[in-house]
Amino acid sequence: MTTPDHQSPASRPVVPATRDRIYRSPMGLVGGVLVLALVVWLGCDALFRGHGRVPWLALAVMILVVPLVTAFTLRPAVFANQERLRVRNPFRVIVLPWGELATLRSGYSNEALATSGTKFQLWAIPVSLRARKRAANKRAKAAAQAARGGSGPFAGPRFGMFGGDASVPDVSAGPARAETDRVMDDLRDLHERHGEAEHAQGEITTRWAYEILIPALAGALLLAILLITG
């Protein structure tokens, strides 16, 4: 005697969990740390050694400036995995499932364009025109050396700007690319491979960074009151 098989209801396919690829600007991080250190140093000096209204002004400026510097230097990051692209910009966090992403564009800035036409700038992946020019020069030199039959000095490992090891490819490995352009190529590859997958569908969500906005607004309000009443 056989028993009929009971079909389980259709469910969302299980995708092996993958770690996010994280892209940030090292120069932004370094600059942010230096600026914050300078602001805290000068602010604490005025706060503890100043007289009259100076400590209050120093406090208001620190409450205003520290969140803003953090927002534009330390906070921006781009997280990518098989399901979605998560963009952490200075004042918002945008989650873009690959199925809702139309394209990734690079010009004077790097942008993600949703299928709805909404455009999101990738603050964590700034465009460097100088790096593009250096990459173009390397391609020209590599092509010239290839024409002469030389291998050239353009192969070998080096440290990637956005984390991990990267290499400047030789002629046989393809043309040299600027660091941020290679990052955008990685994101485009993820989009092409997972854009049609069922696990990469969903809705675009955005969340305002109130942890940045509220302190900055409080500092601005306190500073305005002190200046008006002074």
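The values are calculated or read from the model by the stated rules, or taken from the named source; none is laboratory data. Predicted model only: the values in this text are computed from it and were never measured. In this analysis, Cβ positions are derived from the backbone assuming ideal geometry, glycine residues included, and neighbour counts consider all displayed protein chains. Quick note on the areas: whole protein, heavy atoms, side chains included, nothing else; ligands and nucleic acids left out. Shrake-Rupley method; radii C 1.70, N 1.55, O 1.52, S 1.80 Å.
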Q.
Give me the residue from region 151-191 that is of a type outside the set (S, T, N, Q), part of a loop (DSSP other than H, G, I, E, B) and open to solvent by 60 Å² or more (accessible area, probe 1.4 Å) and, out of that set, modelled with the highest pLDDT.
A. Arg177
Q: Kindly check whether there is at least one residue in region 192-215 that is without any contact (Cβ under 8 Å) to a residue 40 or more places away in the chain and open to solvent by less than 80 Å² (accessible area, probe 1.4 Å).
A: no
Q) Out of the residues in region 120-135 that are touching a strand residue (DSSP E or B) at 6+ places or on another chain (Cβ under 8 Å) and open to solvent by less than 50 Å² (accessible area, probe 1.4 Å), which is modelled with the lowest pLDDT? A) Val127
Q. Given Pro9, Pro4, Pro76, which one is modelled with pLDDT under 95 and under 30 Å from Arg193 (Cα atoms)?
A. Pro9
(Q) Consider region 17-36. How many of its residues are open to solvent by 100 Å² or more (accessible area, probe 1.4 Å) and modelled with pLDDT under 90? (A) 2
